[in-house]
Amino acid sequence: MNKKSGYVFVWPIGTRIIHWMMALSFTTAFITSFYEDLLHDHVALGFIFLIIIIYRIIWGFVGPRYATFNTFKLSLPELKLYFSEKIQNRWRQIPAGHNPASSWFTIWALGVGTIIVTSGLLLYGIQEAKGFFRFLNSDFSQYMGILDSIHKYAAYLFAFWVFLHITGVMIEQFWHKTGMVLSMINGYKKTQGEDTQVKPYLSFFAYTTIVIAIVTYFFIISSNYNFLTMQKYTNVYYKEVHPVFDKECGDCHSAYPPFLLPKKSWERVLGKLDNHFGEEITEANISRSEQASIKEFLLANSAESSTREVSVKIMESLGDRRPKAITKTPYWREIHKDIPKSAYKDKDIKDKSNCKACHKDFEYGNLDDMNIIYKNK
Ligand code: HEC
Ligand code: HEC
C-alpha cells in the first residue's frame, strides 16, 4: 500500500508534531534559562518538554512500527558498522525506522531528558519554593547547588547531543543525499519496508498529548500563580508581624527583611546605630527597648534560619565574613554584576541599596524573579 513508490511512510503526523514540539520546547527553554526574569516562561516551556518526554517513553512501549524501543538497533557492532559506512560514504540502504545512531540518540535523549525534567521540577521546588515540590524547600535547601548543576549540565549535554543529531542529519541530507530532513516533515523515507499504520487509539493518545502540552503552556503563561507554579512564600506584612521594626527601620529606606543577613551582621548593624551608613540614629529616634525588640526579631529570623533561595545563597557566598550590608555580600554582587553603574544615576533608583526600585513588593520580603521590574535600558 505504498502511496509513493520507493518511499516508506515512517513517521505519522502525530510523531512529527511531537518531534518538533520537543525540539522547539527544548531550544526555547534553553534560551530562556539564561534570563533570571524569564524563569516563568522557562518553566512553562519546560512543562511542554516534560509532557513530551513522558509521552515518548510510553510511546516507546505501545507505539506503532518504527517507534517502539524493541525495533531500535542497539547492538554496538551495528553502530560501529553504521559509522564506518557513513564515514566512507558507502551507499547502503537506510533502514525504514531508526538507524543505529538515531536509536542510541533517542534512548540517550530520553534518559537525559528525564534527568532534566526531574531535576528541574525538584530545583523549582527546593530552590524557588515553587511548584509541586515547594514543600521540599524547608528540608532540602542544602541541595540547591547540586540540583542546579545537575539540571544545567544535563541541559548542556542535551544541547550538545542535539548538535550531534543535527550534524548527522545534515550529513545524511547533503552528503549521502538520503533526504532525511524531509522525512520528519512529510513522514516519508526513501527506502524499502512497510508503511507504518497507527491504530486509532494511539492517534488519539498522540493528539491528546499535543493538546495537553499546549494547554499547559498557556495555562502557566496566563496566570502567575496556579497549582503548577504556586510559591510557598507569600508577601510578609512586617507592619503586622513586627510593627516597631517596620516603622523604625522602614523610615529612611524600606525595611530590609531579616532573612537577608546573618545574625552577626545584624548585631553589627544594630551595634553601631550612632554611625549608621553616615546617619546618626540615637535613642531619641529608636528607644533602647525598641532597639532590643528589633534585634531580637532580626536575629530570630536571620538568613541562617531561612531556607529561601536568597538566604541560602547569601550564607554560602559569605563563608566567615559578616558584612553590615546586603550589597556587600558576594552573592548580591554576583547577581547584580550586569547592572551598569549608570543605572544608579536614574532618579527613581538612586542607590543600589534601593532594592524596592527594581524589586516589586520588596518591602514585603518578596524577591520573586517575576517581580523584577528593572529592565536593562
Ligand atoms: C535615619 C535614617 C535611617 C534609619 C532610621 C535606618 N537606616 Fe538603615 N540605612 C540608612 C542609610 C542612609 C543607609 C545607606 C544606604 C542608603 O543610602 O539607602 C542605610 C543602609 C542600611 C543597610 C545596608 C543596605 C545595603 O546596602 O545592603 C542595612 C542592612 C540597614 N540600613 C538596616 C537598618 C535597620 C535594621 C534599621 C532599623 C534599626 C535601619 N537601617 C534604620 C538610613 C537609615
Ligand atoms: C537597579 C535595579 C536593582 C536594584 C537596585 C536591586 N536589584 Fe536585585 N536584581 C535586579 C535584577 C535585574 C536582577 C536579576 C539579575 C539577573 O538575572 O541577572 C536581580 C536579582 C536579584 C536577586 C536574585 C533573584 C533570584 O531569585 O534569583 C536577589 C535575591 C536580589 N536581586 C536582591 C536584591 C536586594 C536585596 C537589593 C537591595 C539591597 C537589590 N536586589 C537591589 C535588579 C536590582
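Across the stretch 328-355, the number of residues qualifying as more than 19 Å from ALA255 (Cβ to Cβ) and among the polar types (S, T, N, Q) comes to 1.
Just the residues that are surrounded by fewer than 21 Cβ atoms within 10 Å (Cβ to Cβ) and either of a type in the set (Ser, Thr, Tyr) or more than 24 Å from ALA96 (Cα to Cα) (or both), please, taken from the stretch 43-80. Hits for the stretch 43-80 are ILE54, THR68, THR71, SER75.
Taking the criterion of being in contact with a Pro (Cβ under 9 Å, 6 or more places away or on another chain) and crowded, with 16+ Cβ neighbours inside 10 Å, would at least one residue in the stretch 326-344 satisfy it?
Step one: list which residues in the stretch 326-344 are in contact with a Pro (Cβ under 9 Å, 6 or more places away or on another chain), which gives 329.
When the remaining residues are screened for being crowded, with 16+ Cβ neighbours inside 10 Å, the result is 329.
Scanning the stretch 326-344, I find at least one residue that is in contact with a Pro (Cβ under 9 Å, 6 or more places away or on another chain) and crowded, with 16+ Cβ neighbours inside 10 Å, so the answer is yes.
Among the residues of the stretch 309-325, those that are buried (at least 18 other Cβ atoms within 10 Å of the Cβ), near ligand 2 (Cβ under 10 Å from one of its atoms) and of a type outside the set (Ser, Thr, Tyr) comprise GLU309, VAL310, LYS313, ILE314.
If you go through the stretch 39-50 one residue at a time, do you hit one that is at pLDDT below 95, of a type in the set (A, V, I, L, M, F, W, C), in the same structural domain as GLY179 (by TED's automatic domain parsing) and within 21 Å of the chain's Cα centre (by Cα)? Yes: one or more hits. Residues that are within 29 Å of the chain's Cα centre (by Cα) and without any contact (Cβ under 8 Å) to a residue 12 or more places away in the chain are absent from the stretch 81-93 altogether. The set of residues in the stretch 7-29 that are surrounded by fewer than 20 Cβ atoms within 10 Å (Cβ to Cβ) and of a type in the set (Val, Ile, Thr) comprises ILE13, ILE17, THR27, THR28. When restricted to residues that are of a type outside the set (Lys, Arg), more than 9 Å from ligand 2 (Cβ to nearest atom) and in contact with a helix residue (DSSP H, G or I) (Cβ under 9 Å, 6 or more places away or on another chain), the stretch 352-370 contains 5. Which of the residues that make up the stretch 285-308 are buried (at least 19 other Cβ atoms within 10 Å of the Cβ), part of a loop (DSSP other than H, G, I, E, B) and within 11 Å of ligand 1 (Cβ to nearest atom)? Matches in the stretch 285-308: ILE286 only. Annotation note: of LYS189, LYS232, the sole residue that is basic (Lys, Arg) and under 30 Å from TYR7 (Cα atoms) is LYS189. Against the criterion of being near ligand 2 (Cβ under 6 Å from one of its atoms), surrounded by 13 or more Cβ atoms within 10 Å (Cβ to Cβ) and assigned by TED's automatic domain parsing to the domain that holds PHE259, ILE349 does not qualify. Scanning the stretch 349-370 for residues that are among the aromatic types (Phe, Trp, Tyr) and within 14 Å of ligand 1 (Cβ to nearest atom) gives a single hit, PHE362. Filtering THR234, THR282 for residues that are of a type in the set (S, T, N, Q), away from ligand 1 (no atom under 11 Å from the Cβ) and not in a helix (DSSP H, G or I) leaves a single hit, THR234. Tell me, yes or no, whether the stretch 176-193 has at least one residue that is under 19 Å from the mean Cα position of the chain (by Cα) and either part of a helix (DSSP H, G or I) or surrounded by 14 or more Cβ atoms within 10 Å (Cβ to Cβ) (or both). No, because not a single residue in the stretch 176-193 is under 19 Å from the mean Cα position of the chain (by Cα) and either part of a helix (DSSP H, G or I) or surrounded by 14 or more Cβ atoms within 10 Å (Cβ to Cβ) (or both). What are the residues in the stretch 251-267 that are in contact with a helix residue (DSSP H, G or I) (Cβ under 7 Å, 6 or more places away or on another chain) and either within 11 Å of ligand 1 (Cβ to nearest atom) or within 11 Å of ILE294 (Cβ to Cβ) (or both), if any? The answer is SER254, ALA255, TYR256, PRO258, LEU260, LEU261, TRP266.
Can you tell which of ASP348, ASP361, ASP338, ASP368 is of a type in the set (Asp, Glu) and within 21 Å of LEU298 (Cβ to Cβ)?
Answer to the selection: ASP361.
Just to check your reading of the model, which residue among SER342, SER302, SER293, SER317 is under 23 Å from the mean Cα position of the chain (by Cα) and among the hydroxyl-bearing types (Ser, Thr, Tyr)? The match here is SER317.
In the list LYS295, LYS313, LYS328, which residue meets the criterion of being within 16 Å of GLN142 (Cα to Cα), out of contact with any strand residue (DSSP E or B) (no Cβ under 6 Å at 6 or more places or on another chain), at pLDDT 95 or above and outside the structural domain of GLU36 (by TED's automatic domain parsing)? Write out each step before concluding.
Numbers: LYS295 fails: within 16 Å of GLN142 (Cα to Cα); LYS328 fails: within 16 Å of GLN142 (Cα to Cα).
Only one candidate passes the filter, namely LYS313.
Within the stretch 338-377, the set of residues being of a type outside the set (Val, Ile, Thr), within 23 Å of HIS40 (Cβ to Cβ) and assigned to a loop (DSSP other than H, G, I, E, B) comprises ASP338, CYS358, LYS360, ASP361, GLY365, ASN366, LEU367, ASP368, TYR374, LYS375, ASN376, LYS377.
The values are calculated or read from the model by the stated rules, or taken from the named source; none is laboratory data. Just so it is clear, the model here is predicted, and its values are computed rather than measured. No Cβ is skipped: glycine too gets one built from the backbone with ideal geometry, and neighbour counts run over all protein chains shown.
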